[in-house]
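See below for the structure under consideration.
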Amino acid sequence: MATSTARDIIKKALLKAGVLAEGEDPSSSEANDTFDALNLMLESWAGRSLLTTAQIQETLTLTAGTSSYTIGSGGDIDTTKPFSIESAFIRDSNNTDYGVAIVGRTVYDSYSDKAYTTNTARPRVLFYDPGTTQQSTQLGTIYLYPIPDSSSTYTLYINSEKPFTSFTNLSDTVTFPIGYKRAMIYWLAIEVAPDFGRPISIDLQKTANESLRIIENINSRNKRRVAVIDVPGGVGGGYDVSTDE
């Protein structure tokens with residue numbers, strides 16, 4: 001693990017890009033401009049599955065008669081809104097787990113009785129709507145089918161892909177998994193070098209590419225290692241609709 005601030009990453013990146021000399025600090029405008037570039041870069045990384053460190057597992061106790069739940073800042077599952085939900089299962093009050101099928105909008109919309117309040121049972125299907133990209137509050141919605149019944153206390157477990165977190169200010173201190181700090185420094189140097197009129201050397205590009213490959217190789221091996229986050233009040237397999245298994 002490596003701990004660093006945004007300012008430290010920016011300074012090292014500008015040094016690698018040839019914008020700063022050894023021992024020199026960036027000016028306020030250089031730091032702020034590069035800070036914006038750093039966060040834009042991290043946002044683009046968020047869309048690359050193998051640059052996420054793991055799938056995150058979160059839980060929510062379901063409410064009988066309620067088929068939809070929000071996920072995101074201030075939602076029923078109060079967390080960072082995920083890009084996608086990769087798998088899910090439900091645990092009943094007897095601690096028995098049941099797989100839940102993840103389906104798309106077309107399949108979910110095809111259920112003619114999904115809104116019937118009398119159609120209650122243990123949910124077997126989940127549809128996740130991440131919502132629009134431009135939201136003042138980033139919230140997605142989880143839809144379950146059928147509607148949870150009251151015969152048991154059901155807890156939903158979801159494994160989701162989360163975006164890579166951006167920095168909030170130059171003094172943010174963040175702990176990175178192995179390899180991330182190096183990749184950030186070298187790729188940030190490539191991102192900002194043209195803005196400062198600096199060429200991108202072959203060695204810089206080569207090292208940056210190598211740093212990303214290392215991260216992706218590590219994460220491809222760790223993809224099934226799941227971090228667990230329990231939501232107060234609130235490793236399954238797939239569900240086969242045809243067999244109810």
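The values are calculated or read from the model by the stated rules, or taken from the named source; none is laboratory data. On a predicted model such as this, the values are computed, not experimentally measured, just so you know. All Cβ positions, even for glycine, are placed from backbone atoms using ideal geometry, and neighbour counts span all protein chains on display.
Here's the yes/no breakdown for (1) over 21 Å from Gly18 (Cβ atoms); (2) among the hydroxyl-bearing types (Ser, Thr, Tyr):
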residue	(1), (2)
Thr120	yes, yes
Gln135	yes, no
Pro163	yes, no
Leu188	no, no
Thr207	no, yes
Arg213	yes, no
Quiz item: Given the conditions (1) at pLDDT below 95; (2) within 23 Å of Asp129 (Cα to Cα), and given that Tyr69 satisfies all but one, which numbered condition is not satisfied?
Solution: (1)
Quiz item: (1) closer than 24 Å to Glu58 by Cβ; (2) of a type in the set (Ser, Thr, Tyr); (3) outside the structural domain of Ala17 (by TED's automatic domain parsing): which one isn't true of Ser211, the others all being true?
Solution: (1)
Quiz item: So which of Thr5, Thr96, Thr80 ends up being at pLDDT 95 or above, over 21 Å from Pro199 (Cα atoms) and surrounded by fewer than 20 Cβ atoms within 10 Å (Cβ to Cβ)?
Solution: Thr96
Practice problem: Tell me, please, whether a residue that is over 25 Å from Met41 (Cα atoms) and under 21 Å from the mean Cα position of the chain (by Cα) can be found in segment 107-120. | Solution: no
Exercise. From (1) within 28 Å of Glu216 (Cα to Cα); (2) out of contact with any Gly (no Cβ under 6 Å at 6 or more places or on another chain), pick out the condition that doesn't hold for Pro130.
Key: (2)
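Please verify whether Ser152 is more than 16 Å from Thr66 (Cβ to Cβ), out of contact with any strand residue (DSSP E or B) (no Cβ under 6 Å at 6 or more places or on another chain), among the small types (Gly, Ala, Ser) and not in a strand (DSSP E or B), treating the condition exactly as stated.
Working: more than 16 Å from Thr66 (Cβ to Cβ): no; out of contact with any strand residue (DSSP E or B) (no Cβ under 6 Å at 6 or more places or on another chain): yes; among the small types (Gly, Ala, Ser): yes; not in a strand (DSSP E or B): yes.
Spelling it out, it is not the case that Ser152 is more than 16 Å from Thr66 (Cβ to Cβ), out of contact with any strand residue (DSSP E or B) (no Cβ under 6 Å at 6 or more places or on another chain), among the small types (Gly, Ala, Ser) and not in a strand (DSSP E or B).
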Quiz item: Hey, does segment 167-182 have a residue that's assigned to a helix (DSSP H, G or I), more than 22 Å from the chain's Cα centre (by Cα), closer than 21 Å to Leu42 by Cβ and modelled with pLDDT of 80 or more?
Solution: no
Quiz item: Which one of these does Ile218 not meet: (1) closer than 16 Å to Ile10 by Cα; (2) part of a helix (DSSP H, G or I); (3) out of contact with any Phe, Trp or Tyr (no Cβ under 7 Å at 6 or more places or on another chain)?
Solution: (1)
Exercise. Please tell me if Ile142 is under 16 Å from the mean Cα position of the chain (by Cα) and either surrounded by 18 or more Cβ atoms within 10 Å (Cβ to Cβ) or modelled with pLDDT of 90 or more (or both).
Key: yes
Quiz prompt | Residue check for Leu40: at negative phi and in a loop (DSSP other than H, G, I, E, B) | solution = no
Quiz item: Looking only at segment 14-48, which residues are under 26 Å from Phe83 (Cβ atoms), among the small types (Gly, Ala, Ser) and either outside the structural domain of Glu191 (by TED's automatic domain parsing) or at pLDDT 90 or above (or both)?
Solution: Ala37
